[in-house]
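Some notes on the structure that comes next.
Rule-based calculations on the coordinates, nothing more; no lab input. No experiment lies behind these values; they were computed from the predicted model shown. Note that we place each Cβ from the backbone using ideal geometry, even for glycine, and neighbour counts take in every protein chain shown.
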């Protein structure tokens, strides 16, 4: 009976949780009939639904459109526009252009070209694979970059597996080892004891000594052969173990590189885009702003350092022999030659770059240049050509994202040319991650509800005990908690929950919010340990050859390294880039905070 009840609950736990969570926390808004309690009640429900995925994430992300107006926290006319702001446009434009890169196969050409340059030893091939994956993740989604690089990685793994298979087939190690052991056992019975042979014939002293010598030489010879065969068996087993380790290393390398590349640029992941929107809305009217260039200066060094550390850690864990081996033997040269031939064949199969590849490549370069040169901070860039503050990074993203929908797919000067755009709108609509766009809207809605309901102020009062704690201690605490929490829920969800709370922590401790908000932005992307932590982790785990313990063992060190690197950035170059010194903090609280609060309301 008890087992049947457990089975019944196990099959319906999502439905049970869906109903119970609102009922359990219902006394909160009833007893404390204040906007803060109502906002907190809704945020708790959404958070639980997000963490346990009671209903699909995009469906949960649409709940603020219903709950906040019903509870009287935000008006419908206030919530709805938050689902398509300039931040949403920025993300949509970058997703649209990422689809253009994929549709013309430019990503694969870049990947194979770089891999053919970095060398064909396993350590440098892995480095090249990670570098390309990270670069792609800087501009397209982490999931897309892993999906792009996984076939390349599996092709490399397949080539390595074929080499190991050829070696083991050639040696027939199991059969030979068994034969060798049998021969040694036979020889052990041929020994001479007390002057008698195996047939019982008595030998004189000279004959006995001669027989002993012959038997001794034969035993030594066959034992040496047996030892060689046993050694070969051990070597082949080590080869199989090394291949298994390399497979794990190559798979984890692209998942981790995509995560690291995503945190390096403003458009690398939805979390970064969301944080820009949060900062623009929450600190409107203050000097604290985020644009493509200053985020690149902040995030790119973090990404480069983490990529190097990740490569070193994967080499030590999964490719130790080759990593510390400086001279290549004949077997290594043969292996590298086959790997290089395989990569060159794949690159040659792509043929010459096509018209649409050239078009997308040129637009890609233009997009990066426009983003970098739009605003240099104190010195304005090309945006001064237009009305002040009318142009934004989203303008560039949408412009470049629309061009592939307009530019011709083939050379218009060819005979019998017929117009067809590089990207078809019907195809683009199916490829865009609408889930992420809804998550952005939900996050901005929660942040607005925190401000409007004064829940941020209530949280700040509760966190008064943090007064007097050194800034560095608060920063490292924020980084660790954010990084661990994001292992069990989506990055944007984590950011949307944490940022309003961190704003309250900053106010209660009288430190600049940027010192907590920006490190949290990178920390919520440090999800390396679990397959469910990020879509890239799930993709490589699903490809086979990995266990959960492998990801935990490798990922826990990556998390620690990530925490340390983000902390280093938060306490060294980040404050200088964003001007978050003591003087800026005083100005923020004494002059601009009133303007910011009024604007937020």
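What the table shows:
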| quantity | calculated |
| --- | --- |
| Residues residue 573 and residue 510, FRET efficiency given R0 of 25 Å [Cβ-Cβ distance, rounded to 0.05] | 0.60 |
| Estimated inter-spin distance, residue 84 and residue 543, nm [label 7 Å along Cα→Cβ] | 3.7 nm |
| Estimated FRET transfer efficiency (residue 77, residue 410; beta-carbon r; R0 51 Å; 0.05) | 0.65 |
| Per-pair calculated FRET efficiency, R0 = 35 Å: residue 316 and residue 366 via Cβ, rounded to 0.05 | 0.30 |
| Spatial extent of segment 1-73: Rg and Dmax, with the Cα atoms as the point set, Å | 14.4, 46 |
| Highest average packing first - 132-138, 485-491, Cβ atoms within 10 Å | 132-138, 485-491 |
| Convex hull volume per residue for segment 66-138, taking Cα atoms only, in Å³ | 122 Å³ |
| Full-stretch length increase - residue 16, residue 31 - with 0.36 nm per residue and alpha-carbon distance subtracted | 3.0 nm |
| Computed over segment 459-568: relative contact order in percent, which uses C-alpha pairs under 8 Å that are six or more apart | 32 percent |
| Gain in span if fully extended, residue 304 to residue 425, counting 0.36 nm per residue against the direct Cα distance | 40.0 nm |
| Gain on full stretching of the segment that runs from residue 289 to residue 334 - 0.36 nm per residue minus C-alpha separation | 10.8 nm |
| Mean Cβ count within 10 Å, highest first, over the residues of peptides 532-539, 56-63 | 532-539, 56-63 |
| Exposure proxy ranking, count of Cβ atoms within 10 Å, fewest first, for 110, 32, 46 | 32, 110, 46 |
| Residue order, fewest to most surrounding Cβ atoms within 10 angstrom, among 429, 290 | 429, 290 |
| Rounded Å value of the spacing that divides the Cα centres of segment 1-64 and segment 460-481 | 29 Å |
| For 70, 391, 574, 367, order by how many other beta-carbon atoms lie within 10 Å, fewest first | 70, 391, 367, 574 |
